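A short write-up of the structure that comes next.
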Number of protein chains: 2
Amino acid sequence: MNVTTRKEEIIVVASRLFKEKGYTAVSMRDIAQAMGIKAASLYNHISGKQELLSTLVLRLAEDFTLGMEAVQQESGSQVSKIRKVIELHIDITVNASEALAALNNDWMHLEGEDLHRFVGMRETYEENFRSIIKKGIEAGELQPHHPEVILFSILSTLRTLYLWYQKRGKLDVNVLKKDMVAVLLRGIV
Amino acid sequence: MNVTTRKEEIIVVASRLFKEKGYTAVSMRDIAQAMGIKAASLYNHISGKQELLSTLVLRLAEDFTLGMEAVQQESGSQVSKIRKVIELHIDITVNASEALAALNNDWMHLEGEDLHRFVGMRETYEENFRSIIKKGIEAGELQPHHPEVILFSILSTLRTLYLWYQKRGKLDVNVLKKDMVAVLLRGIV
DNA sequence: TTACAAAACTAACGTTTGTTAGTTAGAATC
DNA sequence: GATTCTAACTAACAAACGTTAGTTTTGTAA
């Protein structure tokens, strides 16, 4: 009994290469070489390059969607929901930092229904987040800034967290959560 | 006398395509078609695809470097320097939003000395920013959070500004500056 | 030992890629 | 009017691409 299938191994290797050079710049021969086999052998396990991308991206997109739905159904304040969203991003980043690169940079190379589905999920996600922020402003919990500025200030930081969170030594996840919540909610001055 | 050279037109078209699909996914035939000419004709004006990328990226990188040097030589508080950096990013974003995509996503496809130079410039830039933040914390101007968290929270938002600042209608540049400074410095609660 | 399935291989395919060479039409300069 | 320059063209190249077909090796179960 093997703990991971060969297919899963390919996906892991591919996500690492995609992170380094981007989906288009990585060839099937690159992926094969990184696994010590020939390109044609990959096709015993996967249907093609596109499957690698769509698996990586859509899996993660569903994690985000489910996480956001859970947050949405909570009963606390809007600020506490935002805190939950921040923690959601950090949790996903910590154990899927490679695949996040594909989600952020290569989603536009999805094809057909996969592309359509991803874009829909992303729009829904942003709309849910925007709704939390607007309610927070209405309730007087948040400063009355342009909601779009608030939304994308937070989201930009969370989305690119994968690029830097592991660069400088090991930031403990809980410390990171605490610091990021503080910085994103209460600022730095 | 023409106000822009043909070469400059190619660079503009290329940056637009690079933003949409990424450097590797854009072919010379794509660029040529977008200009209504054949791929081979491009070579009357440029030396190759790589020149397009390095021109786009290094030009912008120098803008950032010069801007940061100017900020560094100011005499105000560290917080006012950070405010200047925020404004610098917004100014560059507003009139070079296409090229910023290449700088953010495709710099790794630079070759040889160009790659080396870019990475050096980016490291210096981050180091200068980090230094401002550290001094700000020491001086008691900034909250004593992990400097790395502060640095990349701000930088992530500024670097991906090009992705969203023009999506929702026209945000006036000065309003945008004011809002972003407020959100990034003082938070949202 | 045989049988079977999993996972590798070699060889090749049709396309697309960036780029070069050589040519041509029109405008500017002498 | 002859010459030079600019900017387009056609044709073609070698290399790299994703993928397919058919074959061989390897490990497991009967």
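The values are calculated or read from the model by the stated rules, or taken from the named source; none is laboratory data. Please read all numbers here as calculations on a predicted model, not as lab measurements. With ideal geometry, Cβ positions are generated from the backbone for all residues, glycine too; neighbour counts draw on all protein chains shown. When the accessible area is computed, the model is the full protein with side chains, heavy atoms only, and any ligands, DNA or RNA have been set aside. Shrake-Rupley method; radii C 1.70, N 1.55, O 1.52, S 1.80 Å.
Quick look at the values:
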item	result
Minimum 10 Å² accessible area buried by the other protein chains, segment B:170-189 residues, probe 1.4 Å, relative to alone	B:LEU171, B:ASP179, B:MET180, B:ALA182, B:VAL183, B:LEU184, B:LEU185, B:ARG186, B:GLY187, B:ILE188, B:VAL189
For segment A:48-186, with +1 on Lys and Arg beta carbons and -1 on Asp and Glu, the positive-most of A:SER75, A:SER54, A:ALA182 along the dipole	A:ALA182
Global geometry of segment A:34-105, whether rounded, prolate or oblate, following the gyration tensor of its Cα atoms and the 1.5 cut on a/c	prolate
A:LEU56 accessible area, assembled protein chains, probe 1.4 Å, Å²	10 Å²
Additional length obtainable on full extension of the chain from A:VAL119 to A:ALA139, 0.36 nm per residue less Cα span	4.2 nm
Whole-number percent relative contact order across chain B, with pairs defined as alpha carbons under 8 Å at least 6 apart	24 percent
Selected from A:ALA102, A:MET121, A:ALA139, residue furthest toward positive end of dipole (segment A:98-141; charges at beta carbon)	A:ALA139
Chain A: calculated mean residue ellipticity at 222 nm from DSSP helix runs of at least 4, using -39500 (n - 2.57)	-23000 deg cm²/dmol
Estimated FRET transfer efficiency when R0 is 41 angstrom, pair A:ARG16-B:ALA70 (beta carbons, to 0.05)	0.55
Range of Cα positions in the protein assembly as shown per principal axis (Å), largest first	70, 56, 39
For B:HIS45, label point 7 Å along C-beta direction: distances to other copies, nm	4.6
Three-way shape label, segment A:48-186, alpha-carbon gyration tensor, a/c 1.5	oblate
Percentage relative contact order, segment B:1-93, counting C-alpha pairs under 8 Å, at least six apart	20 percent
For chain B, the longest site-free run once GluC sites (Glu not before Pro) in DSSP loop states with at most 12 other Cβ atoms within 10 Å are removed	B:112-189
Nm distances between copies for B:GLN143, ranked from closest, using label points 7 Å along Cα→Cβ	1.2
At least 30 Å along the helix axis (C-alpha) and Kyte average at least -1.0, DSSP helices within chain A	A:49-72, A:112-138
Segment B:1-65 versus segment A:89-106: alpha-carbon centroid distance in Å	30 Å
Portion, in percent, of the accessible area of segment A:48-186 that falls on carbon or sulfur, probe 1.4 Å	51 percent
Rounded to the nearest 10 Å², the accessible area of A:TYR43 at probe 1.4 Å	120 Å²
Residue-level accessible surface for B:THR124, protein heavy atoms, 1.4 Å, Å²	80 Å²
Label spacing, shortest first and in nm, from B:GLU20 to its equivalents in the remaining copies (7 angstrom along Cα→Cβ)	3.1
Charge dipole (debye, nearest 20) of the protein assembly as shown; +1 at Cβ of Lys and Arg, -1 at Cβ of Asp and Glu	80 debye
Most to least accessible of A:LYS177, B:LYS178, B:LYS170, B:LYS21 (protein chains only, probe 1.4 Å)	B:LYS170, B:LYS178, B:LYS21, A:LYS177
Sequence-distant residues sharing a close amide H with B:ALA25 (under 5 Å, placed H)	none
Heavy-atom SASA rank of B:TRP164, B:TRP107 (probe 1.4 Å, accessible area, largest first)	B:TRP107, B:TRP164
Order of exposure, largest accessible area first, which applies to B:HIS109, B:HIS146, B:HIS116 with probe 1.4 Å	B:HIS116, B:HIS146, B:HIS109
Heavy-atom accessible area per residue - chain B, 1.4 Å, Å²	48 Å²
Area hidden from solvent between B and A (accessible, protein heavy atoms only, 1.4 Å, total, Å²)	3500 Å²
30 Å Cα-Cα reach of A:LYS38 towards lysines, excluding residues that sit fewer than 8 places from it in its own chain	A:LYS7, A:LYS19, A:LYS21, A:LYS49, B:LYS21, B:LYS49
